[in-house]
Amino acid sequence: MSQALLRWHDNNQYCGKTGQPTMKNLSGSKRICHTNGIIYYPQMSPVVITLVSDGSRCLLVRQASFPKGMYSALAGFCDMGESVEEAIQREVAEEVGLEVKSLWYSASQHWPFPNSILMIACHALVHPLQSKCTINTQELESARWFSHEEVVKALKRKPRPSKEMDDSTSFWVPPKQAIARRLIQEWVKQKTSS
């Protein structure tokens, strides 16, 4: 969190209305333009991160910027005026061409990179007979359905954040500190107990 706050202070040294320097308060929780009294507070951008399932499989995706072999949950910024539910439905439709049948909240996580982001993690269910993906190649490099067994194996693999993978058939999931991994683990647990 401190890194995100320092970055916010660095990027907000001047008032957007007057162009005059802003000053941070003693605790560093806000910046004030003394010319007009405008108070600036740190802001976070809301991002939905969603693990899509068709009931028996989960959909994992990769962006070109991911380390080789890593697959994760779908993610995207909420648009202005959009609810979390609307953002999930839009992101799933835009990125993989699927229609969300139902969704439910899991957890949230502050993520300071590249700027201050609030990750809102949810699970989404699509109809199993309508699970053919149409990948938006401007957003994603790949999207694949994985079975419970494949995901269980991936969770046991150590993350390999390198540019090289020795086996193109194996994949790995984000590390423990990422909320995407929590979504994947919840899905595995739910499938194991059902």
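Among the residues of this structure, Ala4 counts as one that is in contact (Cβ under 8 Å) with a residue 12 or more places away in the chain, open to solvent by less than 20 Å² (accessible area, probe 1.4 Å) and more than 18 Å from Pro174 (Cβ to Cβ). When restricted to residues that are touching a Phe, Trp or Tyr at 6+ places or on another chain (Cβ under 7 Å), closer than 30 Å to Asn25 by Cβ and either among the acidic types (Asp, Glu) or in a loop (DSSP other than H, G, I, E, B) (or both), the range 42-67 contains 1. Residues in the range 25-63 that are open to solvent by 80 Å² or more (accessible area, probe 1.4 Å) and either touching a helix residue (DSSP H, G or I) at 6+ places or on another chain (Cβ under 6 Å) or among the hydrophobic types (A, V, I, L, M, F, W, C) (or both): Leu26, Met44. Considered as a group, the residues in the range 131-147 that are surrounded by 16 or more Cβ atoms within 10 Å (Cβ to Cβ) and not in a loop (DSSP other than H, G, I, E, B) include one that is nearest to the chain's Cα centre (by Cα), and that residue is Ala143. Output the residues belonging to the range 1-41 that are in a loop (DSSP other than H, G, I, E, B) and closer than 22 Å to Ala180 by Cβ. Met1 - this is the single residue of the range 1-41 that is in a loop (DSSP other than H, G, I, E, B) and closer than 22 Å to Ala180 by Cβ. Among the residues of the range 78-98, the one identified as touching a helix residue (DSSP H, G or I) at 6+ places or on another chain (Cβ under 8 Å) and under 19 Å from Arg62 (Cα atoms) is Leu98. The sole residue among Leu59, Leu74 that is under 30 Å from Leu5 (Cα atoms) and in contact with a strand residue (DSSP E or B) (Cβ under 8 Å, 6 or more places away or on another chain) is Leu74. In this structure, Thr22 does not qualify as modelled with pLDDT of 95 or more, open to solvent by less than 30 Å² (accessible area, probe 1.4 Å) and among the β-branched types (Val, Ile, Thr).
Looking across the range 40-67, just one residue is over 23 Å from Ser116 (Cα atoms) and basic (Lys, Arg), and that is Arg57.
The values are calculated or read from the model by the stated rules, or taken from the named source; none is laboratory data. If you're wondering where the values come from, they're calculated on a predicted model, not measured in any experiment. Glycine also receives a Cβ, built like all others from the backbone with ideal geometry; neighbour counts cover every protein chain displayed. To get the accessible areas, we keep the full protein, side chains included, count just its heavy atoms, and leave off ligands, DNA and RNA. Shrake-Rupley method; radii C 1.70, N 1.55, O 1.52, S 1.80 Å.
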